[in-house]
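For reference, the structure discussed in these notes is given below.
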Amino acid sequence: MKTTGCHPIPWRPGALARVLAVAAALASFGCGGDSNPTNPTPQTTDFKGTLVGEVGEGSSGVVTVTLPASAAASISTAGSAQLAAARAFELTSAPVAVTGTLALTGGGSVPLSGTYDPLANPQIVLAGGGYGMTGNPTATNGVFSGSATFPDGKTGFWTVSANAATVRVFCGTYTSSQGQGGGTWNVVLDANNNLTGAASAVGLLQGTFSPGSNAVSVTYTGGTASGTLDPSTGGGSGTYDAPGAGEGDAGDWAANTGGC
């Protein structure tokens, strides 16, 4: 695997906006508790994942993004009355402020700030310390993914999953068995056994995790990968095959939670 470009992320224009509106609708309908609290406490939801640069970019790390809980509830399901209110609210919803942190592998932390706008494309924009990230919700509920720029001008990829406290990030590398070098291979596992991630040469990863066998199956532009992840030990390894990436490649990957 040698070169790559940023790959477009599937965009679902109203996915998060609908649930953003549900919270507002519930409040307006007086559902549950005091309908007019004196000092309401702002609720937030943390997302956690990874940032990986393209081939030749050495920076990578763990990304945490904090959104207002009402804007982050894409993993919820609303009833028909709430959805009707949500559709109306989409038309008047405004961008909300989001914050985040990039914990760089090897040390260092970069504060991030930006906006989330359910009617924009991209929906989420973050920046800080020369890093920039843009993205949209993916077909997997509770996941944002997108492209990134680095202080040195290179590009890369990022992905985060909801409920950060239950998300595990495995950071590692891949090594070509075809003499094509290697790069960064980071995977993200959430509590619903959804697997995402990013690798230097092929961009965003998407896959599944089987808790009984610890087996993982991964797809990406140009190829596939397989192996195991062990949440109890924090380690994982496997092989990849990328016949459609650049000149074609194959090799091994390994990652662990302590490598981030």
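Please go through (1) at pLDDT 95 or above; (2) part of a loop (DSSP other than H, G, I, E, B); (3) in contact with an Asp or Glu (Cβ under 8 Å, 6 or more places away or on another chain) for ALA201 and return the number of the only condition it doesn't satisfy.
Every condition holds for ALA201 apart from (1).
Any residue that is aromatic (Phe, Trp, Tyr), out of contact with any helix residue (DSSP H, G or I) (no Cβ under 7 Å at 6 or more places or on another chain), more than 16 Å from VAL65 (Cα to Cα) and surrounded by 23 or more Cβ atoms within 10 Å (Cβ to Cβ) - is there at least one of those in region 176-195?
Yes, because at least one residue in region 176-195 is aromatic (Phe, Trp, Tyr), out of contact with any helix residue (DSSP H, G or I) (no Cβ under 7 Å at 6 or more places or on another chain), more than 16 Å from VAL65 (Cα to Cα) and surrounded by 23 or more Cβ atoms within 10 Å (Cβ to Cβ).
In region 92-148, which residues are among the hydroxyl-bearing types (Ser, Thr, Tyr), surrounded by fewer than 19 Cβ atoms within 10 Å (Cβ to Cβ) and assigned to a strand (DSSP E or B)?
THR99, THR101, SER109, SER113, THR115
Does region 208-255 hold any residues that are hydrophobic (A, V, I, L, M, F, W, C), surrounded by 15 or more Cβ atoms within 10 Å (Cβ to Cβ) and in a strand (DSSP E or B), and which are they?
Scanning region 208-255 gives PHE209, VAL216, VAL218, ALA225, LEU229, ALA242, ALA250, TRP253, ALA254, ALA255.
Determine which member of the set SER74, SER59 is closer than 23 Å to GLY197 by Cα, modelled with pLDDT under 95 and touching a Pro at 6+ places or on another chain (Cβ under 7 Å).
Result of the check over SER74, SER59: SER74.
Residues being at positive phi and touching a Phe, Trp or Tyr at 6+ places or on another chain (Cβ under 9 Å): count how many of those fall in region 119-134.
1
Does SER80 satisfy the criteria of being of a type in the set (Gly, Ala, Ser), modelled with pLDDT under 65 and closer than 21 Å to GLY197 by Cβ?
Spelling it out, it is not the case that SER80 is of a type in the set (Gly, Ala, Ser), modelled with pLDDT under 65 and closer than 21 Å to GLY197 by Cβ.
Assess whether VAL167 counts as being surrounded by fewer than 24 Cβ atoms within 10 Å (Cβ to Cβ), under 29 Å from GLN43 (Cβ atoms) and either of a type in the set (Phe, Trp, Tyr) or modelled with pLDDT of 95 or more (or both).
yes
The values are calculated or read from the model by the stated rules, or taken from the named source; none is laboratory data. Fair warning: this is a prediction, and the values are worked out from it, not measured in the lab. Reconstructed Cβ throughout: ideal geometry from the backbone, glycine too, with neighbour counts over all protein chains shown.
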